Amino acid sequence: MKVIIGQGSCGIATGAKKTQAEFEKQITAQKAKAEVGFTGCVGTCYLEPIVDVYDDNGAFTRYVKVQPEKVERIVAEHIKGGRIVEEYAISKEDEQFIEKQKRVVLRHCGMINPEDIEEYLAVGGYEATKKVVTSMTQNEVIEEIKVSGLRGRGGAGFPTWFKWNAAKGNPGKEKYIVCNADEGDPGAFMDRSVLEGDPHALIEGMIIGGFAMGATEGVIYCRAEYPLAIKRLEKAMEQAREKGYLGKNIFGSGYDFDLRIKAGAGAFVCGEETALIASLEGERGMPRLKPPFPAQKGYWQQPTNINNVETFANVPWIIANGGAAFGAMGTEKSKGTKVFALAGKIKKGGLVEVPMGLPLKDVIFGIGGGIKQDKEFKAVQMGGPSGGCIPKELIDTPVTYEDINKTGAIVGSGGMIVMDENTCMVDMARYFLDFTRKESCGKCNYCRIGTKRMLEILERITKGEGRDGDIELLEELAVKIKDGSMCGLGQTAPNPVLTTIRYFRNEYEDHIYKKKCTAKSCKDLISFHIKDSCVGCTACARKCPVNAISGEVKKKHEIDQNLCIKCGKCEETCKFASIERL
Amino acid sequence: MSEKCCCCGNSGNQFKELEPTLEKYARVPGSLITILQKAQEIYGYLSIDVIHHISKATGIKPAKIYGVATFYAQFRLQPIGKNLIMLCQGTACHVNGSQMIEEAVCEYLGISDGETTEDGIFTLNNVACLGCCSLAPVMMVQSADGDETYGNLTKDKVREILAEIRERA
């Protein structure tokens, strides 16, 4: 028997290591026979820590939310007694979270041990690499990718074969293939899960891409905030080298290729390819004008191709199963599957991989289970700081590059943040502008100063100091910033503001003209009141830092609005939900 | 400063922990960020002295090193406390109330973003995203014992966690 514990960053954060230690302890103490191992993130983050118990015949039972106190019973009843502990096992409903998905990129995540190449080989690993380097030409590989219709999964959705072909066609002393693993979008963690859960798939994708364009060296630019991902990648590269899949003469084909990791140092703009190259060269990560494109002059002025993690992870599957099989999934222009990081006010947050073209509704309600506490769905934010908010009226929009673009948002790298009735859309716009303002590299005036001005206006509005004409001023600035910025960061920075104005103009107007926050979230525009349901327990009065609450014991209390500093302590303290925001 | 910052190659210098890194990377073009990361890992932050030392070893001007160090969020020019609180301000955390968590941390420790407590136990840094979005709001605490991530935070929970860390220190 085997006990496999999910240990992605999120699993570890919920205590997977403690659960593992408890299993080891209990197995020894109860003299049970079972090996303990681990795997990457399975994607159902809301159920962590997740433990799979494999019987000797290969069937497994999945236990969820396995805190250490549950371990003793699982060891005694299941491992020793052979009876499944139904109470702790995953429910039928939760099983559907995975069953409703179509897993290509995440095919091995949560299924194999990412630190053991043998497990990867057992599921057909490196077969695609072998096929490519020993039996295909560069053109054949590019043609296969062209047939698949694979488009860049990092955000722009550019056809992958085209980039590879361009890098192949341009002459250069050396050629480089680079993986952008600097997942900078706040609210996105698809790449982290692949890096932590299936690092060999990325390595394979890079070897194949490198072969197609004629590169002998690859660099993975990974963000320093993902220490576990870097560790697992390093281990995977070492194992691949030992087996001869990296290095000289791969599979006896005469093709040489090796990889190295470069840790990023924290700059969102480095997601832009020319900025990423500057950072690789040890400079400030600032973008430059294109052309020349990286495929012409990139890393050290040589032809360079950059793709993101998810794009590369698709490649071995395409080679193994054929481009046509990949192209059969999705829609005419957006083929294959896409991984989304579902988070925010959602019941079942986690990683979701679905064929492109599925309506948003099926992702959010069908797989994600709807909104936390069954509140009203308001909008979903896609594409991070470059994207926008899609309102509930458009929830039937199919998830394709074209359809999402029409709404003003973008598919982006795959972050999907769900918002409910309590999320203020003006505050969301302010939040994203605050982010882009900090992350602007400062090269273009419009981006550097324009985002700052937009942020100031939005801050004013959320503080109740909005003026007539602010919305129009924001719109005017937005167009100017888009036109006057050189790279994608500035060109897309106003999107969160534009989409929220387009779909939630009434909220902006409420803030400016009525001095009201529709979602009751902006502190300067709300006041706290005590409802009649108050039982007079005095808890809030004792907690209030400014003694603004008065009243007799067992009688309804009152808040003195002149004294109240709106810290929200009373709301937090009240056990009877008797504090309301007006 | 000049007498403290002795020339590279001298094994008796005050930055000898950095020597193996400099030996390996000083002459490799494009390695400045790697060297700075290593220096920060060893010394906790990038002091003026260490910047000058790296400059001498690599031939890169101190002004340029300073430019690179201030461009990236990861680099610090001031020492930090024993525990670095990285409070996630990603979108999912923001939607789930990370500002309230920040308020609680600031109130409890008496510091704001970027500052260190007087006893040198905590430094607070707001970070863009830790990638544990389904556990929002999240924070990571870095210390000599390694990294620990805490999810599904509430104001009470975060106060308990900080109290426990303080007790251990």
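What aspartates and glutamates could a cross-link reach from B:Lys64, if we take a straight Cα to Cα line under 20 Å and drop same-chain neighbours fewer than 8 places away?
Of all the aspartates and glutamates, those that pass the test against B:Lys64 - Cα under 20 Å, at least 8 places apart if same chain - are A:Glu281, A:Glu283, A:Glu439, B:Asp49.
On a C-alpha basis, how far is the centre of the stretch A:213-288 from the centre of the stretch A:342-362 in Å? Whole number, if you could?
30 Å
Expressed in nm², what is the orientationally averaged projection area of the convex hull enclosing the Cα positions of chain A?
29.5 nm²
Which one, A:Gly383, A:Met111, A:Asn170, projects farthest toward the positive side of the charge dipole computed for the protein assembly as shown from Cβ point charges (K/R +1, D/E -1)?
A:Asn170
Given H placed 1.01 Å from N in the peptide plane, which residues other than close sequence neighbours of A:Tyr255 have an amide H under 5 Å from its amide H?
Placed amide hydrogens put A:Asn249, A:Ile250 under 5 Å from A:Tyr255.
For the stretch B:1-128, what's the relative contact order in percent, using C-alpha pairs closer than 8 Å and at least 6 residues apart?
That works out to 21 percent.
Given H placed 1.01 Å from N in the peptide plane, which residues other than close sequence neighbours of A:Asn308 have an amide H under 5 Å from its amide H?
Here A:Arg153, A:Gly154, A:Asn180 satisfy the definition.
When we measure straight from the Cα of A:Lys173, which aspartates and glutamates land under 14 angstrom away, once same-chain ones fewer than 8 places off are left out?
A:Glu217
Which of the trypsin sites (Lys or Arg not before Pro) across the stretch A:369-418 are loop residues per DSSP, with 15 or fewer other Cβ within 10 Å?
For trypsin sites (Lys or Arg not before Pro) across the stretch A:369-418 that sit outside H, G, I, E and B with at most 15 neighbouring Cβ atoms in 10 Å, the list reads A:Lys375.
Could you check what % of the DSSP bridge pairs in chain A are antiparallel, to the nearest 5?
Of the beta bridges lying entirely in chain A, close to 55 percent run antiparallel.
Have a look at B:Ala92, A:Gly187, A:Leu473 and report the one farthest towards the positive end of the charge dipole of the protein assembly as shown, computed about the Cα centre with Cβ charges (Lys/Arg +1, Asp/Glu -1).
Result: A:Leu473, furthest along the dipole toward the positive end.
Provide the three semi-axes, in whole Å and in decreasing order, of the ellipsoid equivalent to the stretch A:22-150 as defined by the square roots of 5 times the Cα gyration tensor eigenvalues.
One finds semi-axes of 37, 18, 11 Å for the stretch A:22-150.
Quantify how strongly other chains surround peptide A:12-18 by giving the mean number of their Cβ atoms within 10 Å of each of its Cβ atoms.
For this peptide, the per-residue mean of nearby foreign Cβ atoms is 4.
Starting from the Kirkwood radius over alpha-carbon pairs of the stretch B:16-71, derive D by Stokes-Einstein at 37 °C in a medium of 0.692 mPa s and give it in µm² s⁻¹.
Translational D for this selection: 300 µm²/s.
I'd like the Karplus ³J(HN,Hα) series for the stretch A:497-505: coefficients 6.51, -1.76, 1.60, θ = phi - 60°, whole numbers in Hz, and an x wherever there's a Gly or Pro.
Using θ = phi - 60°, the values come out as 6, 4, 5, 5, 5, 5, 9, 10, 4 Hz.
Along the charge dipole of the stretch A:527-581, which of A:Thr573, A:Ile530, A:Ser550 sits closest to the positive end, that is, farthest toward it, with unit charges on the beta carbon of Lys, Arg, Asp and Glu (+1, +1, -1, -1)?
A:Thr573
Aspartates and glutamates within cross-link reach of A:Lys531: Cα-Cα under 16 Å, excluding same-chain residues under 8 positions apart?
A:Glu552, A:Glu558, A:Asp560, A:Glu571, A:Glu572, A:Glu580
Which distance in Å, rounded to a whole number, links the C-alpha centroids of the stretch A:375-398 and the stretch A:142-210?
Computed from Cα coordinates, the inter-centre distance equals 27 Å.
Out of all DSSP beta bridges with both ends in the stretch A:2-99, state the antiparallel percent to the nearest 5.
65 percent
Pairs A:Lys520/A:Lys566; A:Lys480/A:Lys516; A:Lys130/A:Lys243: which exceed 24 Å Cα-Cα?
From A:Lys520/A:Lys566; A:Lys480/A:Lys516; A:Lys130/A:Lys243, over 24 Å: A:Lys480/A:Lys516.
Over all Cα pairs of the stretch A:13-82, how is the pair count split among 10 Å bins, expressed in % and running from 0 up to the last occupied bin?
Once binned at 10 Å, the Cα pair distances of the stretch A:13-82 give 20, 58, 22, 1.
Ordered by residue, what ³J(HN,Hα) values in Hz, to whole numbers, does the stretch A:13-25 give under the Karplus form 6.51 cos²θ - 1.76 cosθ + 1.60, where θ = phi - 60° and Gly and Pro are x?
5, 8, x, 4, 5, 5, 4, 4, 4, 5, 4, 4, 5
Please compute P(r) over all alpha-carbon pairs of the stretch A:337-420, binned at 10 Å starting from zero, and give each bin as a whole-number percent.
Calculated P(r), rounded to whole percents: 21, 61, 18, 0.
For chain A, what's the relative contact order in percent, using C-alpha pairs closer than 8 Å and at least 6 residues apart?
11 percent
About the Cα centre of the stretch B:18-107, how large is the charge dipole given +1 on each Lys and Arg Cβ and -1 on each Asp and Glu Cβ? Please answer in debye to the nearest 20.
Magnitude of the dipole: close to 520 debye.
Considering Cα pairs under 8 angstrom that are at least six residues apart, work out the relative contact order of the stretch A:337-420 and quote it in whole percent.
Relative contact order here is 37 percent.
Output ³J(HN,Hα) for the stretch A:298-312: one whole-Hz value per residue in order, computed from phi by the Karplus curve 6.51 cos²θ - 1.76 cosθ + 1.60 with θ = phi - 60°, and x for Gly and Pro.
Going residue by residue, I get x, 4, 6, 6, 9, x, 9, 10, 10, 10, 8, 4, 4, 4, 5 Hz, with x marking Gly and Pro.
For peptide B:66-76, what's the mean number of Cβ atoms from other chains within 10 Å of each residue's Cβ?
5
Using just the helices of the protein assembly as shown, give the 222 nm mean residue ellipticity in deg cm²/dmol: DSSP H runs with n ≥ 4 each add -39,500 (n - 2.57), and the total is spread over all residues, rounded to 500.
So the helix-based figure for the protein assembly as shown works out to -11000 deg cm²/dmol.
With charges set only on the Cβ (+1 for Lys and Arg, -1 for Asp and Glu), what does the dipole of the stretch A:1-120 come to about its Cα centre, in debye to the nearest 20?
Taking the Cα centre of the stretch A:1-120 as origin, the dipole is about 120 debye.
Would you pull out the residues with amide H under 5 Å of A:Ile112's amide H, same chain only if 5 or more places away, H placed 1.01 Å from N?
The answer is A:Gly40.
Charges at C-beta only: +1 for Lys and Arg, -1 for Asp and Glu. How large is the resulting dipole of the protein assembly as shown about its Cα centre, in Debye rounded to 20?
So the magnitude is around 860 debye.
Which of the pairs A:Lys146/A:Lys443; A:Lys163/A:Lys262; A:Lys100/A:Lys345; A:Lys338/A:Lys392; A:Lys443/A:Lys463 have their Cα atoms more than 28 Å apart in this structure?
Beyond 28 Å between Cα atoms: A:Lys146/A:Lys443; A:Lys443/A:Lys463.
Read-outs throughout are calculated quantities, based only on the coordinates presented, and are distinct from any laboratory measurement. Just so it is clear, the model here is predicted, and its values are computed rather than measured. Every residue, glycine among them, receives a Cβ derived from its backbone with ideal geometry; neighbour counts consider all protein chains shown.
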